[in-house]
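Shown next, in structure tokens, is the structure this report addresses.
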Amino acid sequence: MAGVVLYALLVILLILVIVLTMLYLSAKNNPYYVVYDEETKTALKRRVLNLKEELEGELEQFDVDDWEKALEESIDEEVRNL
């Protein structure tokens, strides 16, 4: 009986080693991260900062009351079209 349990554990461990090896090789061949050179990193940082500034500017200009009025008008128009 102990031999069967030991044999089952060895089979399970062998399967586990095979699966982990396959996962390791897959991760090694297809990394989940990208390495950029310094020039590309700097350009990306600049672009992100520009987008952030544009978004902050648009948020400052955003008027909730006008948006609500436009939304109500479009809903009313859709209801009339039904």
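The values are calculated or read from the model by the stated rules, or taken from the named source; none is laboratory data. Everything quoted here is computed from the prediction, not taken from an experiment. Cβ atoms come from the backbone with ideal geometry, glycine included; neighbour counts cover every protein chain shown. Side chains are part of the model used for accessible areas, which takes the heavy atoms of the whole protein and leaves out ligands, DNA and RNA. Shrake-Rupley method; radii C 1.70, N 1.55, O 1.52, S 1.80 Å.
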Among Leu59, Leu49, Asn29 the positive-end extreme of the charge dipole of the stretch 24-82 (Cβ point charges)
Asn29
Can you show me the helix-derived [θ] at 222 nm for the chain, built from DSSP H runs with n ≥ 4 at -39,500 (n - 2.57) apiece and divided by the number of residues, rounded to the nearest 500.
-30000 deg cm²/dmol
Expressed as a percent, the accessible surface of the chain that is carbon or sulfur, using a 1.4 Å probe and the full set of protein chains, is 64 percent
Once the piece of chain linking Lys52 and Lys69 is laid out straight, how much longer is it, given 0.36 nm per residue of separation minus the C-alpha distance between them?
3.4 nm
Can you return the lysines within cross-link range of Lys52? Criterion is Cα-Cα under 28 Å, with same-chain partners fewer than 8 residues away left out.
Lys41, Lys69
If you take P(r) over Cα pairs in 10 Å bins from 0, in percent from the coordinates, which of (1) 16, 37, 36, 11; (2) 21, 60, 19, 1; (3) 13, 14, 14, 14, 15, 15, 11, 5 do you get?
(3)
Dipole magnitude of the stretch 1-56 about its Cα centre, charges +1 at Lys/Arg Cβ and -1 at Asp/Glu Cβ only, in debye to the nearest 20?
180 debye
Enter the accessible area per residue of the chain (Å², integer; probe 1.4 Å; all protein chains in place).
100 Å²
